[in-house]
1. Considering only protein heavy atoms, what per residue accessible area in square angstrom results for the chain with a 1.4 angstrom probe?
2. Can you pull the percent of the chain's accessible area that's carbon plus sulfur, 1.4 Å probe, other chains left in place?
3. Under the 0.36 nm per residue contour assumption, what length would be gained going from the current alpha-carbon distance of VAL158 and ARG16 to full extension?
4. Under a 10 Å cutoff between Cα atoms, tell me which one of LEU24, LEU143, LEU122 has the largest fluctuation in the Gaussian network model of the chain.
5. Between Rg and the Kirkwood Rh of the chain, both from Cα atoms, what is the Rg to Rh ratio?
6. What does a probe at ARG120 reach in region 34-72, counting residues whose amide N is under 15 Å from the point 7 Å along Cα→Cβ?
7. Across region 4-15, in residue order, what do the Karplus-derived ³J(HN,Hα) couplings come to in whole Hz, using 6.51 cos²θ - 1.76 cosθ + 1.60 with θ = phi - 60° and x for Gly and Pro?
8. Please give the length that would be gained between ARG44 and ALA77 if that part of the chain were fully extended, namely 0.36 nm times their separation in residues minus their C-alpha to C-alpha distance (nm, one decimal).
Amino acid sequence: MDPRGSLAAALAAFERRDAPTRALATSANDIAGACEGLARAFQRGGRLITFGTGVGATDAAHVAVEFMHPVIVGKRALPALAAEAAALPLLGRRDDIALGFVYGTDMSAVRAAFTAARARGLLTIALVSDDATAETVGAEHVLVAGSSDQRIAKELQVTMYHVLWELTHVFLERTSLPSAAAHR
């Protein structure tokens, strides 16, 4: 095995991740806005309903478990469940949160779920792979991983949903949140 070839391959892998990771760092305001929305919904008694298709369904299940069973001592458990995109309109109610994962271009079921969720008064948050899907997904908060490479998009979405979890708890730990009217 040629060590220089392995080093070159590793450097190329980092290079493919450089721009998407830097773009994620510039999304701090968008991510914080989604987290504040999550905290407000939880304060009103809302539940987190996660969903996705394909590999996104697995991520949705993981996020629901993390919100229900915090691994950090002192963080409160929050009501969450994972569902299929088609079930979201049946399960969701006003003040719930619909958090969907979008990879690639086959997103008709996810788009339909977001449309139905918004019509029912749910807060909608999409974690999408790239800018092409960001414009058409139909969620209030669209957080972009910035890569059409599904492996890189998934890596960045894992980072995003861990940040969502952490910052939502930060907002919930505040004694009071500013008026929601100021942000809508």
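The values are calculated or read from the model by the stated rules, or taken from the named source; none is laboratory data. Every value quoted in this text rests on a predicted model; they were computed, and no experiment measured them. Every residue, glycine as well, gets a Cβ built from its backbone with ideal geometry; the counts of neighbours run over all protein chains shown. For the accessible areas, the whole protein counts, side chains as well, though only heavy atoms, and no ligand, DNA or RNA atoms are used. Shrake-Rupley method; radii C 1.70, N 1.55, O 1.52, S 1.80 Å.
1. Numbers: 9430 Å² over 184 residues.
Normalised by residue count, the accessible surface of the chain is 51 Å².
2. On the way: 5510 of 9430 Å².
It is 58 percent, rounded to a whole number.
3. Details: separation 142, 0.36 × 142 = 51.12 nm, distance 1.70 nm.
Extra length available between VAL158 and ARG16 comes to 49.4 nm.
4. Judging by the Gaussian network model, the answer is LEU24.
5. Details: Rg = 17.0 Å, Rh = 16.9 Å.
That ratio is 1.01, to two decimals.
6. 46-52
7. 5, x, 5, 5, 4, 5, 5, 5, 5, 5, 5, 4
8. Working it through step by step, the gained length comes to 10.4 nm.
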